[in-house]
Amino acid sequence: MEVIHKIGRRKTAVARVYVSQGKGTITVNNRELNDYFPTATLQYKVKQPFALTNNEDNYDVKVNVYGGGITGQAEAIRLALSRAMCEVDAENRAALKPEGLLTRDPRMVERKKFGQKKARKKFQFSKR
């Protein structure tokens, strides 16, 4: 099996994932997964596509991710891995699609408007 390259995005985070046959090691920005994502919740999010397709220890993953915060980065990696698992075997799509892992989350931060404090918050109004 050759290396599969996929891209996942979430908010402003962009993850490039390279999946190849191996023993299940996941490297994020040249660091160990447990080192890069210290919380168990984020580690679970990254490993979710492998758990749903029963491929926990079958593939080595190398990830380059930038932008956003750690939660956005973890979800960007999850989307990229889900897309890679679909390319490995088309039958994996049936397991990933109902969980919503193949959907690009379109929610972005709303821009700040001029004449206002933030996107929706206004400056304090003084009647007198």
- Note on the structure: FRET efficiency (TYR44, ARG16; Cβ distance; R0 25 Å; to 0.05) is 0.70
- Message: In whole Hz and in residue order, list the ³J(HN,Hα) couplings for region 92-102 that follow from phi through the Karplus curve 6.51 cos²θ - 1.76 cosθ + 1.60, θ = phi - 60°; x for Gly and Pro.
- Response: 5, 4, 5, 7, 8, 4, x, 7, x, 7, 9
- Query: Can you tell which of GLU110, GLU32, GLU87 shows the greatest fluctuation in a Gaussian network model of the chain with Cα springs below 10 Å?
  - Reply: GLU110
- Query: Once fully extended, how much extra length lies between LYS23 and ARG107, figured as 0.36 nm per residue of separation less the alpha-carbon to alpha-carbon distance?
  - Reply: 26.8 nm
- Item | GNM flexibility winner over the chain from PHE114, PHE50, PHE37 (Cα, springs under 10 Å) | PHE114
- FRET efficiency (LYS121, MET1; Cβ distance; R0 35 Å; to 0.05) is 0.10
- Message: For the chain, take the longest principal axis of its alpha carbons; what is the angle in degrees between that and the long axis of helix 70-88, to the nearest 10 within 0 to 90?
- Response: 40
- Item | Highest-fluctuation residue, ARG107, ARG93, ARG31 considered, GNM on the chain with Cα pairs under 10 Å | ARG107
- Message: Please state the shape class of region 21-128: rounded when a/c is under 1.5, otherwise prolate if a/b exceeds b/c and oblate if not, all from the C-alpha gyration tensor.
- Response: prolate
- Message: Number of Lys pairs in region 14-128 with C-alpha atoms less than 30 angstrom apart, excluding same-chain neighbours closer than eight positions?
- Response: 17
- Note on the structure: Scoring region 52-128 by relative contact order with C-alpha pairs under 8 Å, at least six apart, yields a percentage of 20
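No lab work stands behind these numbers, since they all come straight from the coordinates. Keep in mind it's a predicted model, so treat the numbers as computed, not measured. Counting neighbours? That spans all protein chains shown, and the Cβs are built from the backbone with ideal geometry, glycine included.
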